[in-house]
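Notes follow the structure.
Here, each number is a calculation from the coordinates, and none is a lab measurement. None of the values given here were measured: they were computed from a predicted structure. Cβ: placed from backbone, ideal geometry, glycine included. Neighbour counts: every protein chain shown.
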């Protein structure tokens, strides 16, 4: 196929900043921690173990994340991360077993991982930091009804299980 035959939505080159995501590739054990009342009034604090894997789709233009949770009240999910419209940005498309579909903005510089979503009535943001040895990502999700007043949603720690 020549450049003249290529559909207009096929990019010429792979954005170099996608390489920042290489450190995520592999399997991670996860632990989500939820404050008392998260699952409803009077419910105790809860911890939920799981497993997350990241792998490149052929061509290394999209990173696929699969999320499995051992706790029955939390969904399994699939995300697809690709380059954003601006340099050093990404877009994450999220789908889960409840039928939820969301689009997040994402930043990742190889150490600091940020996700954000601005949606009327339910804003979200996540910040996680990769440890110096690359074996742990420690972070937390926050939520807001209006994008001005934020509350802690839940903590989320990833511990590398395999490359």
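Structure notes:
- Residues of the stretch 5-37 with amide N under 14 Å of a point placed 7 Å along Cα→Cβ from residue 163: 22-27
- FRET E, pair residue 143, residue 10, Förster distance 25 Å, beta-carbon r, rounded to 0.05: 0.10
- Relative contact order (%) - criterion: Cα under 8 Å, at least six apart; region: the stretch 16-162: 19 percent
- Gap separating the Cα centres of the stretch 100-148 and the stretch 31-46, nearest whole Å: 20 Å
- Highest-MSF residue in the chain out of 132, 110, 147 [GNM, Cα springs under 10 Å]: 132
- Residue among 45, 143, 27 with the largest mean-square fluctuation in a Gaussian network model of the chain, springs linking Cα atoms under 10 Å: 45
- The alpha carbon radius of gyration of the stretch 113-163, expressed as a multiple of 2.2 N^0.38 Å, is 1.33.
- Residue order for 151, 117, fewest other beta carbons within 10 angstrom first, comes to 151, 117.
- Gyration tensor (alpha-carbon) shape descriptor, the chain, a/c threshold 1.5: prolate
- Residue order, fewest to most surrounding Cβ atoms within 10 angstrom, among 106, 31: 31, 106
- Springs between Cα atoms under 10 Å define the GNM used for the chain, and in it the highest mean-square fluctuation of 89, 52, 79 occurs at 89.
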